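Structure record follows, encoded as structure tokens.
Read the figures in this text as sums done on the coordinates, not as results from a lab. A quick note: this is a predicted structure, and the numbers were derived from the prediction, not measured. Ideal geometry is used to build each Cβ from the backbone, glycine not excepted, and the neighbour counts take in all protein chains shown.
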Amino acid sequence: MRLHRHAALLPLISLAASCASLPAFPRTPAVAASFPSDDSVRAMLAAIVPDPQRHGAVVGIIEPDGRRRIVAYGSAAEGGPPLNAESVFEIGSVSKAFAGVVLADMARRGELSLAEPLARLLPAGVRVPARNGREITLADLATHTSGLPAMPGNFPRPENASAYASYTVGQMYDFLSSYTLPRDPGERYEYSNLVALLGETLATRAAKPYAVVVQERVLAPLGMTSTAITPTGEMERRMTRGSSGFGDPQPYFVAPAFTASGGLRSTMNDMLRFAEANLSPDTSGIHGALRESRRGRFGPFNSDGDLSALGWAADSAGGAGLSGGTFGYGAYLYVNPDEHRAIVVLTNLAGREATLLGAHLVYPSAVPAPKRSVARAVVGAYRAGGIDAALARYRALRGTPATRSGAEPSELNAVGYWLLRRHALDDAIAIFRANAEAFPREPNPHDSLGDALLAAGRIEEAVRSYERAVALAEAGGDPKVASYREHLAAARRAPGS
């Protein structure tokens, strides 16, 4: 799950990034006829890894003939060994697929029903919101159609690794008990990291911790010995060190309330085992659960005809996948049983590069190969010459073909939150303001500017910026409007407002 909303480095899901799922699956053109050569993949990795002496990426491919190909580029850490197929990475929101498999397995065994109300499997004191008599079911939760927001409104902001480590399941229950649904469950898709509640319900029904449940139901049957929520000593010895999209070393992602949403760590070899199992024509045992978890159950939820499955997104070409990330890692998974092909990308560098590279390898004519990041260039200029140099660099690079177009608000937004984490409040405000001016009709830059103004104690300005974000989101039908409203309400309650 990258989970932090403001990281804005993944198109749809991620845990430490608002969590991320796949970018839109194009209906046409179809998936690639073949994957590029190892040399071509390595060249793509060289374009997206800014410093191979500190971090890198591994790409795993399964060809229709069953052949595996693995291309590694870069290092496990600064001064660390080269990456390989046994290097351990955080996989963020790709963990959601595993929760979906557990859910499908328990439903297949008759241990629960996908239509079972969430309220039946949570502690008695927890109130689960309903609307018009429609309760949130386990299927609603797993398909992101529950009506719950991307993140709980009582989650600490600005989001960082320590916020995830300190946020408890009890706090998530408190939010759930006080939340009012904006629409009926099952009515609309909205990506939500509150899929984490699914882990609690599965653990309750199995009478075991979720970490044990996913180990027994999925990891052990598939021989995934280097995948776990709490890594073994051997896994720890092979653990890579993650870094932010701007190269700052990151702590490991510990999120007790979001275990099912983004808590797994894994290796390329293990992820390819998972991918191979999803390609199998077998329908018995765990393979039946894998197949059921990938089946589209809601949608299409976008103009490309994608369907929401149990933790996955299913495309119109017979495939399914998702992406994810944490504060130091990125991950992408796509499987297509009809063509017996799969792609996995793992990086120890936070950002959307894993997603964009994976999507490009699957849909090369529809998703361009990822280019060098404008945001990283802006950060480099900031380190060298301060805020004026950073803004000048952004204006010079925006729209140039050698880098990402810069036509996305997320580019400058990422720089702004990087500055906030460094407590450079005035510089962060300048960056967010420039972003809001460049994209005046986009709600997120205004919401992010509100974050920086609030952090600086400029409450009235923050409220105005949040109000602008809410108005734009309401006018445009933005799915994150509930989150923007929560931010506005919090600002209005702030001392001095």
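Worth a mention:
- Legend: calculated FRET efficiency, residue 456 to residue 395, from the Cβ-Cβ distance at R0 = 30 Å, rounded to 0.05, equals 0.80.
- Out of every Cα-Cα pair that the chain contains, those further apart than 34 angstrom amount to 30 percent.
- Residue order for 94, 415, 71, fewest other beta carbons within 10 angstrom first, comes to 71, 415, 94.
- Cα gyration tensor, segment 374-493 - rounded (a/c under 1.5), prolate or oblate: oblate
- The stretch between residue 365 and residue 383, if pulled fully straight at 0.36 nm per residue, gains 2.9 nm over its current Cα-Cα span.
- For 426, 184, 39, 105, the sequence from fewest to most other C-beta atoms within 10 Å is 39, 426, 184, 105.
- Listed residues 481, 454, 413: farthest to the positive end of the dipole of segment 374-493 (Cβ charges): 413
- Full-stretch length increase - residue 254, residue 220 - with 0.36 nm per residue and alpha-carbon distance subtracted: 10.0 nm
- Charge tally in the Cβ shell below 13 Å around residue 53, where Lys, Arg are +1 and Asp, Glu are -1, residue 53 excluded: 0
- Sparse-neighbourhood loop sites, chymotrypsin sites (Phe, Trp or Tyr not before Pro) in segment 323-424 - DSSP loop, at most 15 other Cβ within 10 angstrom: none
- As a proxy for reagent exposure, 208, 96, 480 were ordered by neighbouring Cβ count within 10 angstrom, fewest first; the result is 208, 480, 96.
- Note that segment 218-231 has calculated 3J(HN,Hα) couplings of 10, 5, 5, x, 9, x, 8, 7, 10, 10, 6, 7, 9, x Hz, one per residue in order, obtained from phi through the Karplus relation 6.51 cos²θ - 1.76 cosθ + 1.60 (θ = phi - 60°); glycine and proline are x.
- When the Cα positions of 62, 364, 221 are compared along the charge dipole of the chain, 364 comes out farthest toward the positive end, with charges on each C-beta of Lys, Arg, Asp and Glu.
- Between segment 263-320 and segment 88-123, the alpha-carbon center distance in angstrom: 13
- For residue 475 and residue 130, a Förster radius of 25 Å and the Cβ-Cβ distance give a FRET efficiency of 0.30, rounded to the nearest 0.05.
- Phi-based couplings in Hz for segment 116-131 (Karplus 6.51, -1.76, 1.60; Gly and Pro marked x): 5, x, 4, 4, 5, 10, 10, x, 4, x, 8, 9, 9, x, 10, 8
- FRET E, pair residue 42, residue 283, Förster distance 35 Å, beta-carbon r, rounded to 0.05: 0.40
- In the chain, the calculated helix contribution to ellipticity at 222 nm averages -12000 deg cm²/dmol per residue, counting -39,500 (n - 2.57) for every DSSP H run with n ≥ 4.
- Relative contact order of segment 1-370, taken over Cα pairs closer than 8 Å and 6 or more residues apart, is 28 percent.
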